[in-house]
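The values are calculated or read from the model by the stated rules, or taken from the named source; none is laboratory data. Since the model is a prediction, treat every value here as computed from it, not as a measurement. Positions of Cβ are backbone-derived with ideal geometry, glycine not excepted, and every protein chain shown enters the neighbour counts. In case anyone asks, the SASA skips ligands and DNA or RNA and just uses the protein heavy atoms, side chains included. Shrake-Rupley method; radii C 1.70, N 1.55, O 1.52, S 1.80 Å.
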Amino acid sequence: MTTVQPRSADTDKPVLRSAYQRSVAEYWNTEADPVNLRLGEVDNLFHHHYGLGDYDPAVLEAPADVRDQAIINEMHRLETAQADVLLDHLGDVGPQDKLLDAGCGRGGSSIMANLRFGCEVDGVSISEKQVAFANEEARRRGVADKVRYHFRNMLDTGFETASRKAIWNNESTMYVDLHALFAEHARQLVVGGRYVTITGCYNDVTGGRSKAVSQIDQHYTCNIHPRSEYFKAMQANNLVPISVIDLTAATIPYWELRAKSSVATGIEGPFLTAYREGSFHYLLIAADRV
């Protein structure tokens, strides 16, 4: 029996190109973790990434009837701070520019980019559920004319060559081949355009994936890359790093707070182990298209 493959309404191309991509799409189409939804409900910015910075320890001492919500609010603040750090590195972006949020999740970072720069932002995801959710949020906020989400594959978006001033991946590179991803990003960026990623990667110095990193892979149906692979793939695709920041120490407090929260998923332990033992790094890499 032939299976009908989902096609993009924008490009009429099959979006899911492999059994692995179909499994990832299924995961995110059925995902409804409170750690994503309850945090987003704080101010209707729905993130699919982790947090940066120290948390306020007072939230753990709040009265019992409000403590849980105080922790949720604080975790959301840290996640929004992470997105702000990424946006800080996008370079000189103005209202006339177009940006791309590759692997956009439920769209929070795209909304933040539009609010900051006043520009057009397109987000792409292989999860039809995420795309529908994000477009509804853009409509609700009254920015659907500038912030649009598409059911497309970030390895073949269909957007025009040299049409983007900046592109980012926020914790989504571990689902794809980096050489194919950066080739597509380089095609879409103008010369001098900026690419930014915040990502978890395993430490080449300690060898292959540690047990904790493997547990993270299994939990999220992903394939975490070694640190070195990012720079090899960038070099091969005309992307020259201008900034590399190790955010590992800055993200550990978020995970410590999350482990104490009502929305913990059980993956907090492996993250904390991997970060503390040095087998896993949380990096920001910004690169220019040359």
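Here is how the numbers come out for the structure above:
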quantity	calculated
Residue check for Asp10: within 20 Å of Ala134 (Cα to Cα), at pLDDT below 95, surrounded by fewer than 19 Cβ atoms within 10 Å (Cβ to Cβ) and in contact with a strand residue (DSSP E or B) (Cβ under 7 Å, 6 or more places away or on another chain)	yes
Residue count, the range 186-209 (criterion: closer than 24 Å to Ala249 by Cβ, assigned to a strand (DSSP E or B) and open to solvent by 10 Å² or more (accessible area, probe 1.4 Å))	1
Residue satisfying all of: in the range 112-166; touching a strand residue (DSSP E or B) at 6+ places or on another chain (Cβ under 6 Å) and in a helix (DSSP H, G or I); most open to solvent (accessible area, probe 1.4 Å) among these	Glu128
Hits in the range 167-185 - residues which are part of a loop (DSSP other than H, G, I, E, B) and acidic (Asp, Glu)	Glu171, Asp177
Residue in the range 60-70 that is modelled with pLDDT of 95 or more and surrounded by 20 or more Cβ atoms within 10 Å (Cβ to Cβ) present	no
Unmet requirement for His48, which otherwise passes all of (1) outside any loop (DSSP other than H, G, I, E, B); (2) open to solvent by less than 50 Å² (accessible area, probe 1.4 Å)	(1)
Verdict on Gly53 being within 18 Å of the chain's Cα centre (by Cα), surrounded by 21 or more Cβ atoms within 10 Å (Cβ to Cβ) and within 23 Å of Ala264 (Cα to Cα)	no
Every pair of residues 6+ apart whose Cβ atoms lie under 8 Å, when the first sits in the range 218-241 and is farther than 24 Å from Asn29 by Cα while the second is open to solvent by 50 Å² or more (accessible area, probe 1.4 Å) and acidic (Asp, Glu)	Pro226/Asp204; Arg227/Asp204; Ser228/Asp204
Every residue from the range 85-111 that is charged (D, E, K, R) and assigned to a helix (DSSP H, G or I)	Asp88
Flag if Gln188 is free of Cβ contacts under 8 Å to residues at least 24 places away in the same chain and closer than 30 Å to Asp97 by Cβ	no
